[in-house]
């Protein structure tokens, strides 16, 4: 059907005329030819049957009497029949009595198409009432008997030739009819097809805009003639209307050009005005910020002087007003940069969770002032590192979480991150507060400049925070939605796209840190830790920066070494045999005349809890580090203490954002272990081999101490194992060891039994996986 549709109209007409006629002609030719052949075969068959019957009747007496000469004479009379190949007469038993062959066909000649007709020779009964006849002929037979057979072999060669002639004649007749039909149909299709093709050509000319159509010669008054005339009239009408439309379009174009010129002129004025506004805001904001920074600095300096209570109140109010003015100017400047198109995107690889936690930590002061608790929930399936603009992400978080804190005092603000939402390579962060809420009317103007949805509170600001947030999200191709109900709180959710980190951020970060680590040449450091793995790692890190390291195995040994030689820095583990870290430091600093009385000291511990801090375990130290040690923080703290140490100053403590995130439940975290070893593969191999060499004996000691009820001894051993796990990246065992240590120190027998089983399971699992882990490293 597709091929038929592609044919031109003349070919279609030709097919429509030829095919039905050709089909009828072929059907009739086949019908009459087959009828004639069937009649010829029927006639031949009847003739041959009659011939065989005649020979059978003529040969009854000769067969009955056994007169073969008579039979031969009878057969010779049929010798010249054209279609007979042979005639054979046999008796009832099939024995030949007489036989002839055609002169044209010898018996042993090549096989020819033949048909054999066999006819019975019957002896008919003869009844007579004459006794004399009966005496002469004997008793009459009572029934017909078969006394022989006549077999006639007929040749169909002439019939086949006749059949061939008939078929050939039929073919000639049919072919002649088809040729005549095709000629007639061709003439008719040409008469109808040519004007239709001409009409199609004229329609194409009209579509191209050519209305001067050539005339079509068609001598008829049928529908095609009407169609030709109609198309020519249509072309004239369209040409007339087109000329009128072109005139109207020309007039409208001239008017539109004039309007566009006016619009472009007005747009140019608006752009110049907008640029002037943005430049003015940017310039005046910078100009104001410079003296404002001085004002704030001087106010803070005045606050540290001796002032009366009234003066303190006035200074505090002035300081608060100046800070608010500073925030307002920063927001106006950010908006001016956004509107001027000067805000650039600086995408880079960064750690997602730590970046968000660091940003939330900067809002801790505001949260404390409003008595707000910030809770952050991180999706564990989110990638650890992403490629996006961390500064823009932080600014968006500060704006949204800051608003939530300001408008929901004495409550909780929940911040949550979901990965792969709303689609792959997207993260969605939601901020849910329990504040005053926003009405439906105010939600519509929420992202408008200089608008504040709440007019009942005394919260100061420009109303630009959400506008800037929306601009920032547009820049990084993010989206934001808001849901709120008056009196119940508000939920902001924003999503941003990201790319996968292009390199291993861990190694690149470590390389950067290596370049900025301080040179500790000639710096003498005392490292005191009862865990050999911890001592090895700290020694490696310090000696890499050319420090001179002396090690102690317990607190008492640290006291002895500190009394014998001078050190520039003390690194003391909090939990050690004989003397705890804080106890050792107390002895070292007990007398002002002793060596290392003012030497900076850093506490190193596996975990710092609020209770420990409250118990002043680290209050005497100048700083503390949580295992596993962050190298950048480690060297930054050392550099700070060596350059700015003041023994009378309060102990330095890292910001909450620097605390480590919760561990994954991996049995072995290779990346974490490599980071702890400063990407030193050889050191990692040595440390982990030593860890496995000690682990089995340590497990045995823990089990024995628990059986004997010596929970403190068991806790000290478990503490060593936990510290080793932290450095070696054995996360699951570290988690189990930490739980067991806490319950051992608290003396909770029931929980100790439960956690000891978990501890034993994790140790066994690690030992069984030793070969696999060694292959990995």
Take 271, 431 and order them by how many other Cβ atoms sit within 10 Å, fewest up front. 271, 431
Net length gained if the chain between residue 184 and residue 30 were fully extended (0.36 nm per residue, minus Cα distance): 53.1 nm
Extended-chain gain in nm, criterion 0.36 nm per residue less alpha-carbon gap, residue 361 and residue 99: 81.3 nm
Taking 56 Å as R0, compute the FRET efficiency from the Cβ-Cβ separation of residue 594 and residue 423 and round it to 0.05. 0.30
Förster radius 41 Å - calculated FRET efficiency between residue 545 and residue 381, Cβ distance, rounded to 0.05: 0.60
FRET efficiency, residue 50 to residue 78 (Cβ-Cβ, R0 22 Å, nearest 0.05): 0.95
Assertion target for 229, 155, 364, ordered by fewest C-beta neighbours within 10 angstrom first, is 229, 364, 155
Could you tell me the distance between the Cα centroids of the stretch 511-583 and the stretch 468-495, to the nearest Å? 49
Between residue 64 and residue 316, what length comes free when the chain is fully extended (0.36 nm per residue of separation minus the Cα-Cα distance, one decimal in nm)? 74.8 nm
In what sequence do 350, 759, 407 fall when counting other Cβ within 10 Å, fewest first? 350, 407, 759
What distance in nm lies between label points placed 7 Å from Cα along the C-beta direction at residue 760 and residue 664? 3.0
Note down the nm distance, to one decimal, between modelled labels 7 Å out along Cα→Cβ at residue 171 and at residue 236. 6.0
Return the distance in nm (one decimal) between the two label points of a simple spin-label model at residue 690 and residue 261, each offset 7 Å from Cα along Cα→Cβ. 8.7
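Values in this text are rule-based calculations from the coordinates and carry no lab data. Note that the structure is predicted; figures quoted are calculated from it, not measured. Please note: Cβ atoms are built from the backbone with ideal geometry, for glycine as well, and neighbour counts cover all protein chains shown.
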